[in-house]
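Q: If you scroll down you'll find the structure; I have some questions about it.
The values are calculated or read from the model by the stated rules, or taken from the named source; none is laboratory data. All values reported here derive from a predicted model rather than from experimental measurement. Here the Cβ is made from the backbone with ideal geometry for all residues, glycine too, and neighbour counts use every protein chain on show. Side chains included, ligands, DNA and RNA excluded: accessible areas come from the protein's heavy atoms. Shrake-Rupley method; radii C 1.70, N 1.55, O 1.52, S 1.80 Å.
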Amino acid sequence: MRALLQRVTSARVSVGGEVVAHIDPAGDQLPHGIVALVGVTHDDTEDTAGALAEKTWRLRILDGERSAADLNAPILVVSQFTLYADTRKGRRPSWSAAAPGPAAEPLVDTFAEALRRLGAPVAQGRFGADMQVELTNDGPVTVMLEI
């Protein structure tokens, strides 16, 4: 399982022109939140999702080298199968390393639920939808996690 984490000052996900999820750390008097773009591969499990959630929640990439856990910062979770693109051959990416939707969707949900159990305020995009993701990356800070 992979998560591309971006430290943000705001973020939202729209589907068909409707905002379906958003985070606004400044509205909660916080300097940052996190957007977690999450990809799932074939051998990932609920344990993998839980470990990735724990790492995401405690990773010290926010203001003053603090974690989302330290600040109770919001996290926006967006499924992103393209994190498993294989571009080594030709000009067309292969998606064969990405788990199919019926396997991936429950694990993205497990990741988000594990964050909630840890105490994270979580917003979530819509799995499989054509999503427009808007964010303001601060720093910029972007980190790839892989479990």
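Q: Going from most exposed to least, what order do Phe111, Phe81 have by accessible area with a 1.4 Å probe?
A: Phe81, Phe111
Q: Given an 8 Å cut-off on Cα distances and at least 6 residues of separation, report the relative contact order of the chain as a percent.
A: Value for the chain: 38 percent.
Q: A further question on this structure: Sort Leu83, Leu52 by accessible area with a 1.4 Å probe, largest first.
A: Putting Leu83, Leu52 in descending order of accessible area: Leu83, Leu52.
Q: Using only DSSP helix segments of four residues or longer, with each worth -39500 (n - 2.57), what per-residue ellipticity at 222 nm results for the chain after dividing by its residue count and rounding to 500?
A: -7500 deg cm²/dmol
Q: If you place +1 on the Cβ of every Lys and Arg and -1 on the Cβ of every Asp and Glu, how big does the dipole about the Cα centre of the chain come out, in debye to the nearest 20?
A: Once rounded to the nearest 20, the dipole reads 440 debye.
Q: Rounded to the nearest 10 Å², what accessible area does Arg60 have for a 1.4 Å probe in the complete protein model?
A: 150 Å²
Q: Give me the accessible area per residue for the chain, probe 1.4 Å, as a whole number in Å².
A: In whole numbers, the chain has 52 Å² accessible per residue.
Q: What accessible area, in Å² to the nearest ten, does a 1.4 Å probe give for Val15?
A: Roughly 30 Å² of Val15 is accessible to a 1.4 Å probe.
Q: I've got another one for you. Where in the range 93-136 does the label zone of Asp24 land, with the point 7 angstrom along Cα→C-beta and an amide N cut-off under 17 Å?
A: It comes to 121-124, 134-136, nothing else.
Q: With a 1.4 Å probe and all protein chains kept in place, how do Met1, Met131 rank by accessible area, largest first?
A: Largest to smallest exposure gives the sequence Met131, Met1.
Q: If you average the C-alpha positions of the range 95-132 and of the range 42-62 separately, how far apart do those two centres end up, in angstrom?
A: 12 Å
Q: Solvent-accessible area of Thr9, probe 1.4 Å, all protein chains present, reported in Å² to the nearest ten, please.
A: 50 Å²
Q: First compute the accessible area of the range 2-140 with a 1.4 Å probe, then give the percent of it belonging to carbon and sulfur atoms.
A: Carbon and sulfur: 46 percent of the exposed surface of the range 2-140.
Q: Another question about this same structure. Can you give the charge dipole size of the range 1-85 about its Cα centre, rounded to the nearest 20 debye, using +1 on the beta carbon of Lys and Arg and -1 on the beta carbon of Asp and Glu?
A: For the range 1-85, the charge dipole is close to 240 debye.
Q: How much of the DSSP beta bridge set in the range 2-140 is antiparallel, as a percent to the nearest 5?
A: 75 percent
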